[in-house]
1. Using +1 on the beta carbon of Lys and Arg, -1 on that of Asp and Glu, and nothing else charged, what's the dipole of the chain about the Cα centre, debye to 20?
2. Toward the positive end of the charge dipole of the chain, about the Cα centre and with charges on Cβ (Lys, Arg +1; Asp, Glu -1), which of 131, 60, 116 goes farthest?
3. Averaging sequence separations of C-alpha pairs under 8 Å and six or more residues apart, then dividing by the length of segment 72-185, give the relative contact order as a whole percent.
4. For the chain, set up a Gaussian network in which alpha carbons nearer than 10 Å are linked by springs, and say which option among 180, 50, 21 fluctuates the most.
5. Can you tell me the 0 to 90 degree angle between the C-alpha axis of helix 72-97 and the longest principal axis of the chain, rounded to 10?
6. Given the -39500 (n - 2.57) contribution per DSSP H run of 4+ residues, what per-residue ellipticity at 222 nm results for the chain, rounded to the nearest 500 deg cm²/dmol?
7. Treating the angle as unsigned and between 0 and 90°, give the value, to the nearest 10°, between the Cα long axis of helix 158-185 and the longest Cα principal axis of the chain.
8. Charges at C-beta only: +1 for Lys and Arg, -1 for Asp and Glu. How large is the resulting dipole of segment 39-85 about its Cα centre, in Debye rounded to 20?
Amino acid sequence: MGSRERKRQERRKRKRRSAERASAPAHDQTTAEADDSAEAESFQERMARRSEQRNTEARAGLEPLAEGERPRAVTAATVVSAVLALVFSASAVVAAIGSVEISGEEPSPLPLAVFAAVLWLMTWGLWKTRYWAVLGFQMLLVLFMLSSALGLVQVSTVLQAVGTVVLLLGSGLLFYFLIRAMARIQMPERPSG
């Protein structure tokens, strides 16, 4: 056997040994990872159980609304919705009757009237303390918060900045108080199908 052949065989043996050594810790590592995932799953299960327990306690602490009761936050939302509905109704009438120009163009009364109608419907739903109306009004508040936060970038006067910050804080505060009111209203049961 030549020296080349001997060196080749020794190299193969070394590779085989190093491969065997590498596979043994890898096997141990995969079993360790499996044990870690089992521990992580049990941790996740424990956290889910704790979270569900806290949710159950929070639900137990809530009092359902009495017949005809309306939380103050929902009443405030009703007033804000009614004012917005009046503003959009008046804007639709002015756009339909008058020749008003905004940025050189006459506004279309149809979108204004449709939005006013939706706001009137939302006002009625808020007055009757309906879950869908509160949820819709919260969506509107989120849009107000986003637009006022983005509007802060473009303010050019102090008065605009103050008005935008007041709109942002007011809509955020009303949104916060409506969350607890929604929990008390409870989502209506789905009709059984």
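Just so you know, all these numbers are worked out from the coordinates, no wet-lab data involved. Because the structure is a prediction, the values reported are computed rather than measured. Counting neighbours? That spans all protein chains shown, and the Cβs are built from the backbone with ideal geometry, glycine included.
1. With only Lys, Arg, Asp and Glu charged at Cβ, the dipole is about 1920 debye.
2. Farthest towards the positive end: 60.
3. Worked out over segment 72-185, it gives 29 percent.
4. Of the options given, 21 has the highest mean-square fluctuation.
5. It works out to around 70 degrees.
6. Computed ellipticity for the chain at 222 nm equals -28500 deg cm²/dmol.
7. That helix lies at roughly 80 degrees to the long axis.
8. Value, rounded to 20: 180 debye.
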